[in-house]
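First up is the structure itself, then whatever we jot down about it.
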Amino acid sequence: MVSINRRQFMAAISATAFTSMGTPAYSAMANEELRVVVIGLNGIGRTHLEGFPLIPGVRVVGACDVDSAVLGTRAENFDKKFGYQLKKYDDLRRVYDDPNVDAVVLAVPNHWHGLGTVWGCQAGKDVYTEKPCSHNIWEAGQMEKAAQKYERIVQIGIQRRSFPHLQEFFREIREEGVLGKLKSVKGLYLSRRASIGKPEVAPKPLPTVNHDLWCGPGSTKLERLRYHYDWHWFWDYGNAELGNNGPHILDLCRWVVGAEEFPTSVTSVGGRYAWDDNGQTPNTHILSYDYATAPITFEIRDLPTAEGKRDSCKYRGLSYGIVVEGEDATYLGFDTGKVIDHNGKTIREITGDKGPDGGRQLHRENFVKGVRSRKTKDLNCSVRTGHLSSALCHLGNISHQLGEPIALSSLPERVQDQPLIAEASERMNEHLAANGVNSQTASVQLGRTLEIDPAKEVFPNDDAANQLLRREYRSPFIVPEQV
Ligand SMILES: NC(=O)c1ccc[n+]([C@@H]2O[C@H](COP(=O)([O-])OP(=O)(O)OC[C@H]3O[C@@H](n4cnc5c(N)ncnc54)[C@H](O)[C@@H]3O)[C@@H](O)[C@H]2O)c1
């Protein structure tokens, strides 16, 4: 099953950096056992560890984490559940060195997605990479090149792409015009979270974690009390709520209109309100994207309906999902949904079975199908698809980061010529007031409106924005220029 040159090939790869080398000859054959290692086990990695072994012909052979406590617990629980011991790795490079591994699942924080995928492809592994596709736009291009060059199968973990009922209904919207001509699409992620704290003394990494390896390409400075998960709210590792839950929602928005390229412009409005903490990213965010098919807006809220409350806001009955306005009818939904007419009467229910684990099992099965067939076109969410949706998050964050703080009270005037943003801002202002934000003294970050060249995936005439298409990498964790 393993190619004759594979061991020599792997031995030639340096321990710290994989360089451009020939494609390993190995490919999982259609009927052979597929040996998988899950990398990153604290959160969603646990469900991958338990989901992949349920697929016929797949054997999870190992688990990898830089936190020895997480690794130990997950491996022990796996043994209890599945009755055999996993090989334990504390460094993902050792997984890539291992010729007895065919595919990896990268359930690591966002700042590791690009490098982990490129290294995986170079080492001849197929890769299931969690969303967002990458930590920045440039990296995703490198992932795509690596997948092509080494003929690897790479699936991005935006699992709703594998829901048969959405595949069919969205096709009907695009191809049969069941909602009429599309006017606009609105994405919603109206959740509630809490402050992550503002420690007076710099927190120390968990004693069980290899902090240097956890940080990888990012800085080793630690400013969060909760080591795992709260990295989402620091630009060095995460991509804000926009890059956390945004890829799921914006993917639905983009998919439903069939937008297979970057938008022509992006604008953002937002800020971090009500919490006095170390987090860097907005907890309230409005995004707007121009597409020829239909404009997309996205509203994010991480504050509850009002100060002291524990419930999430709703817009037309939805906290999470999309509202697709057509000339004939409107669709409101997330995993499932309904079509309503102009009088608000439900004229069709959109339902379907998303299978176990919130639909992730279907998506895993689809990855395995692609691995067996060796055809990227068999994947429901290739790097290209995942990249286009994740890029919407990065574009919005770039607009935000290049914005200017203005008085919140002046926002209506500043966005009056952008009706979709203006109406979302009205709702945002009411919501902030309910959360105790004083509109007379508070400010808001008015993002820079950025023109985009969809074909080249760059910002014409905006050097500052183009610089944010990629990051500085901390050596030796550098995504190579030449994959
Ligand atoms: N598709 C989905 O529905 C879904 C849901 C949740 C999370 N996610 C994505 O999955 C990823 C992980 O999220 P999470 O909530 O599980 O995060 P988490 O912080 O809870 O867990 C990440 C784990 O990765 C480990 N890790 C970090 N760097 C590593 C490295 N270099 N090698 C090996 N292990 C490493 C950490 O120690 C930790 O155990 C994120 O990118 C997130 O966006 C996707």
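Between Arg174 and Glu200, the distance separating the two model label sites (each 7 Å from Cα on the Cα→Cβ line) works out to 5.6 nm.
For segment 431-483, the orientation-averaged shadow of the C-alpha convex hull comes to 7.5 nm² (one quarter of the hull surface). Kirkwood analysis of segment 146-250, using all unique Cα-Cα pairs, places the hydrodynamic radius at 17.9 Å.
Taking the average, over residues, of other Cβ atoms within 10 Å as the packing measure, peptides 471-480, 455-464 rank 471-480, 455-464 from highest down.
How would segment 321-411 be classified by its alpha-carbon gyration tensor: rounded, prolate or oblate, with rounded meaning a/c under 1.5 and the a/b versus b/c comparison settling the rest? Cα axes put segment 321-411 in the oblate bin.
Just flag the chymotrypsin sites (Phe, Trp or Tyr not before Pro) in segment 77-186 sitting in loop per DSSP whose Cβ has no more than 16 other Cβ atoms within 10 Å. Taking segment 77-186 and a limit of 16 other Cβ atoms within 10 Å, the loop chymotrypsin sites (Phe, Trp or Tyr not before Pro) found are Tyr84.
What is the projected area of the convex hull of the Cα atoms of the chain, averaged over all directions, in nm²? Averaging across all directions leaves 22.9 nm² for the Cα convex hull. Summing charges over neighbours of Glu168, with a neighbour being any other residue whose Cβ is under 12 Å away from its Cβ, gives -1 when K and R count +1 and D and E count -1.
Gain on full extension, evaluated as 0.36 nm per residue between Glu451 and Ile478 minus their Cα-Cα distance, stands at 6.8 nm.
Using only Cα atoms, tell me the angle between helix 419-434 and the longest principal axis of the chain; keep it within 0 to 90° and round to the nearest 10. Approximately 90 degrees, to the nearest 10.
Peptides 42-50, 252-260, 408-416 ranked from most to least packed give 252-260, 42-50, 408-416, packing being the mean of other C-beta atoms within 10 angstrom over each peptide's residues.
Kirkwood radius and radius of gyration were both taken over the C-alpha atoms of segment 353-483, and their ratio Rg/Rh is 1.10. Listed values for segment 59-67 are Karplus-derived 3J(HN,Hα) couplings in whole Hz (6.51 cos²θ - 1.76 cosθ + 1.60, θ = phi - 60°), namely 10, 6, 9, x, 9, 9, 7, 7, 9, and x replaces Gly and Pro.
Ranked by the mean number of other Cβ atoms within 10 Å of their residues, highest first, the peptides 130-137, 291-298 fall in the order 130-137, 291-298. Percent of C-alpha pairs per 10 Å bin in segment 57-131, short distances first: 19, 52, 28, 2.
As a calculated quantity, the FRET efficiency between Glu325 and Gln280 at R0 = 35 Å, using C-beta atoms, amounts to about 0.55. In this structure, Tyr229 and Asp90 have a Cβ-Cβ separation that, at R0 = 22 Å, corresponds to a calculated FRET efficiency of about 0.65.
Applying 1/(1 + (r/R0)^6) with R0 = 56 Å to the Cβ-Cβ distance of Ala69 and Gln440 gives a FRET efficiency near 0.70.
We did not get these values from a lab; they are worked out from the coordinates using the rules stated. From a predicted model like this one, the values you see are computed outputs, not experimental measurements. Cβ sites come from the backbone with ideal geometry, for glycine too, and all protein chains shown count toward neighbours.
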